[in-house]
Amino acid sequence: MAEVGREMRALLSRGRAHLRAGFRPQELPPIRPSSPLDLRGLSLLHLSLLTEEGERCALCLVREATAAAARLRPVLVLHGTNASKTQLLESGWLQRLARQGVLAVGVDSRHHGERMKPPNLSYWPALVRAWRRDEPSPMDAADTAPAEALRAHPFMYDTVWDLMRVLDYLASRDDVDTSRVGATGISLGGMHAWLWAAADPRVSAVCPAIGVQSFGYAIAHDAWHARAASLAPLMDAAAADAGRPLDGGVVAAVWAKLLPYLSTHFDAPYSLAAIAPRPCLIVNSASDPRCPRQGVEQAVRQASAKWRGPGSDNLALYLDTSNGEQPLPADQWKRGHVITPAMYAAIDLFLTHTIVHAHDSLPPNLPTDSCSILIPYADSASSSGGERDGSAGGGQDGS
């Protein structure tokens, strides 16, 4: 599946290759959190850098103050929809990781946090504009395409490009050791972490939370409703443009326009396979209707063929069952699309094991209890798992 990673990088880079030089970093003023930050023994730096013409990515770097000059390995932590890196600080997650000895990097995704233009209004209009845009997408545009035409994928792909640029920048700093790089995120951030790891082989280990899903499976099995509801302004506009109520065909058309190939050969069975043999722990809620369990298990099982041989024990699915073992109805997504303390503990342990202690394997002591299931995939793959069929597993029975 190395070709999937190359194709993803080609899609993301088309028209942007000339922007790879010159980050023009700028230090930003301190944020104004809604609650006091626990920064005891830590240093915090806010800055922005150029990721493409007219686009600056805001990030924060958190490290132990006693390691101010040390070369630390970075872990990029990515927030969910309508959240920001500020909330990652307010929750204490970045600080907790920094105290484990890494450089914790919080990143604002496109149209979120300090990147909202104007504040509170930019994300949904950007998605609708991308849906209604007539210009060719970046995969078809010439390298000289206008900068605005390149911003055709504000839902995920543009932020994945930004993450590649952030890592380029971190690699240029004398106080960062990019020989090992970790990635994690929640919900939208989990999707960003997953796709970034698939596209960028420099990511050493990845732990996406409540983000991995099979878009093709959801369309084929009429399980798209909860995910579509998370993008209601976009889906409402698409249905209005189609002149009919929202259905699977409209949702599939939106994915094809905003996320080319993500319901086919960039879907989870193939993009997860592109991560092999690097350590990958997928942390989901079994009851989450936005990431239907059957589709996720099917995708991970299919992708696991690429973890055979060396690294065969580097892939696992951690399912929290505290709200049930099967997906809830779409209108109850708030009960299922959650991250629990046990899930955070599994993520932190994974990152400490793979980045701080530099193990190329899953930690042997992942926490499990009566409300969680750990599914390892060592040597469990089907022989057909690595083949592309263009359906992303959607035509198979997920029961």
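The values are calculated or read from the model by the stated rules, or taken from the named source; none is laboratory data. Owing to the predicted nature of the structure, the values given are computational and were not obtained by experimental measurement. Heads up, the Cβs are rebuilt from the backbone with ideal geometry, glycines too, and the neighbour counts pull from every protein chain shown.
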| said: Anything in the range 64-80 that is farther than 14 Å from residue 109 by Cα, assigned to a strand (DSSP E or B) and touching a residue at least 60 places away in the same chain (Cβ under 8 Å)? List them, or say none. | reply: 72, 74, 75
| Qualifying residue in the range 313-332 (condition: closer than 21 Å to residue 7 by Cβ, part of a helix (DSSP H, G or I) and among the small types (Gly, Ala, Ser)) | no
| request: Evaluate the following for residue 104: is it surrounded by fewer than 21 Cβ atoms within 10 Å (Cβ to Cβ), farther than 17 Å from residue 187 by Cα, of a type in the set (A, V, I, L, M, F, W, C) and touching a residue at least 12 places away in the same chain (Cβ under 8 Å)? | output: no
| note | Note on the range 311-335: residues under 26 Å from residue 273 (Cβ atoms) and touching a residue at least 60 places away in the same chain (Cβ under 8 Å) are 312, 313, 315, 316, 317, 327
| query | Of these, 214, 187, which one is within 27 Å of residue 121 (Cβ to Cβ), among the polar types (S, T, N, Q) and either buried (at least 16 other Cβ atoms within 10 Å of the Cβ) or without any contact (Cβ under 8 Å) to a residue 24 or more places away in the chain (or both)? | reply | 187
| query | Which is among the small types (Gly, Ala, Ser), assigned to a helix (DSSP H, G or I) and surrounded by fewer than 18 Cβ atoms within 10 Å (Cβ to Cβ), of 345, 303, 358? | reply | 345
| task | Filter the range 50-83 for residues that are under 21 Å from the mean Cα position of the chain (by Cα), among the aliphatic types (A, V, I, L, M) and modelled with pLDDT of 95 or more and give the result. | result | 58, 59, 61, 62, 75, 76, 77, 78, 83
| said: Cβ contacts < 8 Å: first residue at negative phi, restricted to the range 242-261; second residue among the polar types (S, T, N, Q), any location; separation 6+ or different chain. Result? | reply: 252/263; 255/263; 256/263; 257/137; 260/137
| Hey, which of the helices (runs of 4 or more DSSP H) in the range 84-132, taking only ones fully inside, have at least 1 residues that are touching a Ser or Thr at 6+ places or on another chain (Cβ under 8 Å) and at pLDDT 95 or above? | 85-91
| From the list 335, 290, 278, which one is in a loop (DSSP other than H, G, I, E, B) and either touching a strand residue (DSSP E or B) at 6+ places or on another chain (Cβ under 8 Å) or surrounded by fewer than 24 Cβ atoms within 10 Å (Cβ to Cβ) (or both)? | 278
| query | Only one of these conditions is not met by residue 333: (1) aromatic (Phe, Trp, Tyr); (2) out of contact with any helix residue (DSSP H, G or I) (no Cβ under 8 Å at 6 or more places or on another chain); (3) under 26 Å from residue 219 (Cβ atoms). Which number is it? | reply | (2)
| query | In the range 254-265, is there at least one residue being in contact with a strand residue (DSSP E or B) (Cβ under 9 Å, 6 or more places away or on another chain), assigned to a loop (DSSP other than H, G, I, E, B) and of a type in the set (Gly, Ala, Ser)? | reply | no
| said: Being over 16 Å from residue 287 (Cα atoms), at pLDDT below 90, of a type outside the set (A, V, I, L, M) and surrounded by fewer than 18 Cβ atoms within 10 Å (Cβ to Cβ) is true for just one of 383, 312. Which residue is that? | reply: 383
| task | Only one of these is exposed (fewer than 15 other Cβ atoms within 10 Å of the Cβ) and closer than 14 Å to residue 127 by Cα: 228, 242, 232. Name it. | result | 232
